[in-house]
1. Considering the dipole of the chain built from charges on the beta carbon (Lys and Arg +1, Asp and Glu -1) around the Cα centre, which of ASN141, ASN88, ALA25 is farthest to its positive end?
2. For the pair ALA70 and LYS129, how long in nm is the line joining their label points, each one 7 Å along Cα→Cβ?
3. Would you mind giving the three semi-axes, in whole Å and largest first, of the ellipsoid equivalent to the chain according to its Cα gyration tensor?
4. Can you work out the PRE-style zone for GLN91? Point 7 Å along Cα to Cβ, and I want the residues of the range 103-121 with backbone N under 16 Å.
5. In debye to the nearest 20, how big a dipole does the chain give about its Cα centre with +1 on each Lys and Arg Cβ and -1 on each Asp and Glu Cβ?
6. Roughly how many nanometres apart are two label points built 7 Å out from the Cα toward the Cβ at GLU100 and GLU42?
7. Label GLN122 and ILE16 with points 7 Å out from Cα along Cα→Cβ: what is the distance between them in nm?
8. Taking only C-alpha pairs under 8 Å that are 6+ residues apart, what is the relative contact order of the chain in percent?
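Coordinate-derived values only; no laboratory data. Since the model is a prediction, treat every value here as computed from it, not as a measurement. All Cβ positions, glycine included, derive from the backbone under ideal geometry; neighbour counts span all protein chains shown.
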Amino acid sequence: MDGERFALVTGAGTGIGKASALALARTGWHVALAGRRAEALEETARDIKALGRRALAAPTNVADPDAVKALFAKVEREFGRLDLLFNNAGQNAPPVPIDELTFDQWKAVVDVNLNGMFLCAQGAFGLMKRQKPQGGRIINNG
C-alpha cells in the first residue's frame with residue numbers, strides 16, 4: 001500500500017461524481033464510490049477496475065448518519081486509509097414555485113446537500129486523523 005492513494009467520491013454513479021472518480025483512477029488513485037444507486041456505482045467501479053485501479057462501490061444515503069458511519073468503516077476496512085474525500089453528492093428540489101415546494105421536499109435537499117456533506121467531512125476527518133501518516137484532503141463541491 002506504500003505510495004498508493006485512496007479517494008472517496010460521493011455522488012459517484014453519474015455526472016460530475018462519476019467523471020471525477022474516473023479522472024482520479026486515470027491518475028493512479030484507488031477510488032471508493034458512494035451514492036444512492038447501486039447499479040450506477042457498479043458501472044463506475046467496472047470502469048475504474050478496467051483502468052487497473054481498485055474500486056469499492058458502496059451504496060449510501062449520505063443523509064443517514066448510520067449509513068455514513070458504515071461507509072467510512074468499509075473504506076477503512078477495505079483501503080486502510082483515506083487520502084481524499086470529494087464531497088459531491090447533491091440533490092435538487094423539484095422545479096416548482098417556492099410556495100408549492102413542500103417542507104419534506106426542502107428538507108430532503110438540505111439533508112443531502114448540507115447534512116450529508118457535514119457527515120462525510122466528519123467521517124473523513126476522523127479517519128484521516130487516526131491513520132498513519134495522518135492527513136488528507138477534503139473537497140466540497142457545491
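1. The residue sitting farthest along the positive end of the dipole is ALA25.
2. 2.5 nm
3. 27, 17, 12
4. 103-120
5. Charge dipole of the chain: 700 debye, to the nearest 20.
6. If labels sit at GLU100 and GLU42, their model points lie 3.7 nm apart.
7. Rounded to a tenth, the inter-label distance reads 2.3 nm.
8. 24 percent
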